[in-house]
Structures are given as structure tokens and as C-alpha cells.
Amino acid sequence: MNAESLQARLKTRHLGRALEMHESLPSTNAAARATARAGAPHGAVFAAAEQTAGRGRFSRAWASPRGGLWMSVLLRPGPDPALAQFIPMAAALSLRVCLHGFGVPARLAWPNDLVAHGKKLAGLLTESAIRGAELEYVILGMGINVNNGPDSLPEEFRGAAISCAQIAGAPLELEALAADLLNAFEPLCDEIARGRGSRIFEEWKTALELIGKRVSVRSGDAVYEGAVIDIAEGGALVLRLDNNETAAIPMDRGSLHTDKYFKEL
Ligand code: BTN
């Protein structure tokens, strides 16, 4: 990836104006966190051609070979900790729009994935820092399988992952995708900072197309099976279980199983 060619395509005021592009990093989220503590500005972006210790949800390893887009954005949306919940929703919506523009019809999967043909195209990892009662910053990490073919991934990930190039039938230009993504994401971040996160939540909730679907959700050691009756603000999945009780699984605690719903995506 070339920093100049990415920045030449930016239409943003803040996102990507400070940009660190590395050949190799342990994790772009870790780099963003270190720099955030040293006072890096809102919108600073950290990208790497490869990550040697990429991390996913629940501290799982995230395979990050060359060819993918591994990028983290440092956001300072304002002091209210409640603003942080809307960031991954806004990122998922922005990414979906961009990928469609590149001939990749991705769909959202709860909580934070983009999928195609039932396989994972991209995952998002949000980390928030709270100081006292105030939100100091949010780091939004995006891992997108762009031109890294399935063979580049460790065997345990191969069956469940798919790349944009496989779907589009040709490689995508990483700089163009990264710039489009930042261009689409900034207005939604601005909306969140202006207190309009609920609108983003509603759009995300609709885009998930989950209500009424039967799902199986893992949360810690528990597996919940039932029908989705709602998605609460904050992103929790509200299920009517088979024994007629309801359960709410917060966004940061659950994973959807590869059930019939997921295969439809
Ligand atoms: C998931 O588990 O689905 C989330 C994966 C997030 C991976 C991205 S790649 C860029 C950033 N740096 C990391 O170490 N993780 C995130």
C-alpha cells in the first residue's frame, strides 16, 4: 500500500489525514493504542501490509498476510461513553457500501462481520478507552480479506473465509478501497459525535435482516438457540428461546453459529 496514493483519494477532513503505513506491524490496533496515549489526533490511521500478531474478538489470533487490508482508525467522538457503541455499526455500514462499489456484494452478520456466500470477508474490532467517566478514544480495527487468497491463510481459517478478489474475479486496489472506506465512514462518525447515533443504529439493525430468524448463539460456554425478536440499542441480540424465555446477548459477548441463517448470507 502506498500512503500518497491513498491520501490523494481522500475527501475527509480528519480521517486518514494523519497516516502511518507500515510494511509489517504486530497489530495496527496495538500501534493505534500506543499512539493514542501519546496524543495522536482524531482520525489518525494505522495500516500495515502484514500483521505478525493480529488480534480478533476474544483475543483470538487474526491471520493477516499480505494482500489484505489491515487498518485501525483512532476516533475521539466526544466524552460520552455511550457514543462508542455506534462506531462499529457505522464502520460495518460504510464497509458494506464500499464493497458493493467494488463489485463485492457483502452482507452484515451480527455482531461485527461482513460475509459473502456464508463466509467471512471482514471483521471489526473496537477498543474503547475510558478515563474517569469520559470516553477518551475509540480504536476501530478493520481486517478485510481483500486480495489474500484462501491459501494464504492458516488451514483452520480457510474453510470459513473468503476474499474480495475471489468474489470480484480480480484483485482490488487496496489504496482505493481504504480511501473510499474512510470517505464513507467520516460522515457517520460526525453524526455520532452530533448525537445522532440512534439513526445509525436503526440502519444497522435493518441491514442485519435478523429479526424473525432462528439462530444459535455462543456466549462464553453457553449456547442459546431461538428466534431473534429484537436487537436492543447497544446491539444486544434479544432471543425468544425454545423454552419461551427471553435472553439478551450483548454485542461484545456473543458469536453467531454457522447455522442456516448464516449460510443464507
Ligand atoms: C474479528 O474477530 O472478527 C475481528 C478482527 C479484527 C482484525 C483487525 S486487522 C486490523 C486490526 N488489528 C488487529 O490486530 N486486529 C484488527
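Of all residues in the stretch 53-102 being of a type in the set (Ser, Thr, Tyr) and out of contact with any strand residue (DSSP E or B) (no Cβ under 6 Å at 6 or more places or on another chain), which is farthest from GLU202 (Cα to Cα)? Per the stated criteria, the residue is SER59.
Residue-level analysis places LEU93 among those that are within 13 Å of the chain's Cα centre (by Cα) and surrounded by fewer than 23 Cβ atoms within 10 Å (Cβ to Cβ).
Suppose we keep only residues that are among the β-branched types (Val, Ile, Thr) and in a helix (DSSP H, G or I) within the stretch 1-53. Which one would you say is farthest from the ligand (Cβ to nearest atom)? Quick ask: steps written out before the conclusion?
Let us first name the residues in the stretch 1-53 that are among the β-branched types (Val, Ile, Thr), namely 12, 28, 35, 45, 52.
Pick out the ones that are also in a helix (DSSP H, G or I) and you get 28, 35.
Working: THR28: 4, THR35: 13 Å.
The selected residue is THR35.
The set of residues from the stretch 121-160 being in contact with a Pro (Cβ under 6 Å, 6 or more places away or on another chain) and either without any contact (Cβ under 8 Å) to a residue 12 or more places away in the chain or not acidic (Asp, Glu) (or both) comprises LEU124, THR126, ILE130, LEU135, ASN147, ASN148, SER152, ARG158. Taking the criterion of being within 16 Å of the ligand (Cβ to nearest atom) and either in contact with a helix residue (DSSP H, G or I) (Cβ under 9 Å, 6 or more places away or on another chain) or polar (S, T, N, Q) (or both), the residues of the stretch 148-157 that qualify are ASN148, SER152, PHE157.
What's the number of the condition LEU177 fails, among (1) under 30 Å from ALA82 (Cβ atoms); (2) touching a Leu at 6+ places or on another chain (Cβ under 8 Å); (3) at pLDDT 95 or above; (4) surrounded by 18 or more Cβ atoms within 10 Å (Cβ to Cβ)? It fails just one condition, (1). Quick one: which of ILE192, ILE144 is closer than 17 Å to PRO88 by Cα, in contact with a Gly (Cβ under 7 Å, 6 or more places away or on another chain) and not aromatic (Phe, Trp, Tyr)? Result: ILE144 is the single residue among ILE192, ILE144 that is closer than 17 Å to PRO88 by Cα, in contact with a Gly (Cβ under 7 Å, 6 or more places away or on another chain) and not aromatic (Phe, Trp, Tyr). Scanning the stretch 196-235 for residues that are under 22 Å from LEU74 (Cβ atoms), part of a loop (DSSP other than H, G, I, E, B) and touching a Leu at 6+ places or on another chain (Cβ under 8 Å) gives no hits.
Criterion first (within 14 Å of the ligand (Cβ to nearest atom), buried (at least 20 other Cβ atoms within 10 Å of the Cβ), of a type in the set (Gly, Ala, Ser) and not in a loop (DSSP other than H, G, I, E, B)) does ALA184 satisfy it? It is false that ALA184 is within 14 Å of the ligand (Cβ to nearest atom), buried (at least 20 other Cβ atoms within 10 Å of the Cβ), of a type in the set (Gly, Ala, Ser) and not in a loop (DSSP other than H, G, I, E, B). Of the residues making up the stretch 129-147, those that are of a type outside the set (Ser, Thr, Tyr), more than 10 Å from the ligand (Cβ to nearest atom) and farther than 28 Å from ALA170 by Cβ are ALA129, ILE130, ARG131, GLY132, ALA133, GLU134, LEU135, GLU136, VAL138.
Residues in the stretch 199-240 that are closer than 30 Å to CYS189 by Cα and among the polar types (S, T, N, Q): THR206, SER219.
Among the residues of the stretch 163-172, are any in contact with a Lys or Arg (Cβ under 7 Å, 6 or more places away or on another chain) and within 16 Å of the ligand (Cβ to nearest atom)?
No, the stretch 163-172 contains no residue that is in contact with a Lys or Arg (Cβ under 7 Å, 6 or more places away or on another chain) and within 16 Å of the ligand (Cβ to nearest atom).
Residues in the stretch 57-81 that are crowded, with 19+ Cβ neighbours inside 10 Å and within 7 Å of the ligand (Cβ to nearest atom): TRP62, SER64, TRP70, MET71, SER72. Pairs, please: C-beta under 7 Å, at least 6 apart or cross-chain, first residue within 22 Å of ARG107 (Cβ to Cβ) and in the stretch 185-204, second of a type in the set (Gly, Ala, Ser) and buried (at least 21 other Cβ atoms within 10 Å of the Cβ)? From residues that are within 22 Å of ARG107 (Cβ to Cβ), the pairs are PHE185/ALA90; PHE185/ALA91; PHE185/SER94; LEU188/ALA90; LEU188/SER94; ILE200/ALA90; TRP204/ALA92.
The values are calculated or read from the model by the stated rules, or taken from the named source; none is laboratory data. Everything quoted here is computed from the prediction, not taken from an experiment. Cβ atoms come from the backbone with ideal geometry, glycine included; neighbour counts cover every protein chain shown.
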